[in-house]
Amino acid sequence: NAGVTQTPKFRVLKTGQSMTLLCAQDMNHEYMYWYRQDPGMGLRLIHYSVGEGTTAKGEVPDGYNVSRLKKQNFLLGLESAAPSQTSVYFCASSRDPRDGELFFGEGSRLTVL
Amino acid sequence: DAKTTQPTSMDCAEGRAANLPCNHSTISGNEYVYWYRQIHSQGPQYIIHGLKNNETNEMASLIITEDRKSSTLILPHATLRDTAVYYCIVRVGGDDKIIFGKGTRLHILP
């Protein structure tokens, strides 16, 4: 049981390039989340999804787009990367947030030069 | 913004109980309190959650005050492996967002 898998784990981009981070979960969870974490800081919610075909904005959505075409996958896109988007990105999923338990991936470290 | 307030950092001697406080004075009647921890740069790990009553599992105990405006996470016998950042979370307005604050960095001292 893989749980939550993020790809890629590391990526270096140049300013202006685009890329997509993939989050895949095999637990049949309805809810999925993308967070970013900057050095020495807590996690900040970028976007989230409450089910297949739905997305919603979190605390810091600007500069990012997301899609949830399949229940098991939640994609985070950067259309034109900026150095301010250098961060560690974490994906999480949950059967129901009221249950309390979010399952996190191992993180994707992105550097924008 | 997160609806919780936690100390920035705390120290605890190995083998002693670690008591991590959290203030959530604006909590609503149907909002749960959740605790997570993040060890080094790994993804956060769920610890425990509660509504009104005290809760205990194999990892920790959660004590919620009667007025529900604060809570304490207790690690009964802290070990060096408990060194981590601990996050206290209250769900925002009952919706589906789960907002993390800055957490408490717990140092377990040998």
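Rule-based calculations on the coordinates, nothing more; no lab input. Model, not experiment: these values are computed from the prediction. Positions of Cβ are generated from backbone atoms using ideal geometry, with glycine treated the same way; all protein chains shown enter the neighbour counts.
Can you sort A:TRP34, B:TRP35 by how many other beta carbons sit within 10 Å, fewest first?
Listing A:TRP34, B:TRP35 from fewest to most nearby Cβ atoms yields B:TRP35, A:TRP34.
Pairs of alpha-carbon atoms within less than 8 angstrom and 6+ residues apart define the contacts here; what relative contact order does chain B have, in percent?
Computed value for chain B: 38 percent relative contact order.
Average partner chain C-beta neighbours within 10 Å, per residue of A:54-65?
Per-residue shielding by partner chains comes out at 1.
So what is the diffusion coefficient of chain A in µm² per second by Stokes-Einstein at 25 °C and 0.890 mPa s, using a Kirkwood Rh over Cα pairs?
My calculation gives 177 µm²/s for D.
In peptide B:46-52, what is the residue-averaged number of other protein chain Cβ atoms found within 10 Å of each Cβ?
Mean shielding by partner chains, rounded to a whole number: 3.
Where a Cα-Cα gap under 23 Å defines reach, which lysines qualify for B:LYS97, not counting those fewer than 8 residues away within the same chain?
Answer for B:LYS97, where 23 Å is the Cα cut-off: A:LYS57, A:LYS70, A:LYS71, B:LYS3, B:LYS52, B:LYS69, listed by chain and number.
If every alpha-carbon in the protein assembly as shown counts as one equal scatterer, what log10 I(q)/I(0) does Debye give at q = 0.16 1/Å?
-1.09
For chain B, can you list the cysteines whose C-beta has no other cysteine C-beta under 4.7 Å from it?
B:CYS12
Please compute the average number of Cβ atoms from other chains found within 10 Å of each residue's Cβ in peptide A:38-51.
Across A:38-51, the average partner-chain Cβ count within 10 Å equals 3.
Can you give the Rg/Rh ratio of chain B, where Rg is from the C-alpha atoms and Rh is the Kirkwood radius?
Checking Rg against Rh, the ratio lands at 0.95.
Once you list every other residue whose beta carbon is under 11 Å from the beta carbon of A:GLY3, what net charge do they have if Lys and Arg are +1 and Asp and Glu are -1?
Spelling it out: positives minus negatives among the neighbours equals -2.
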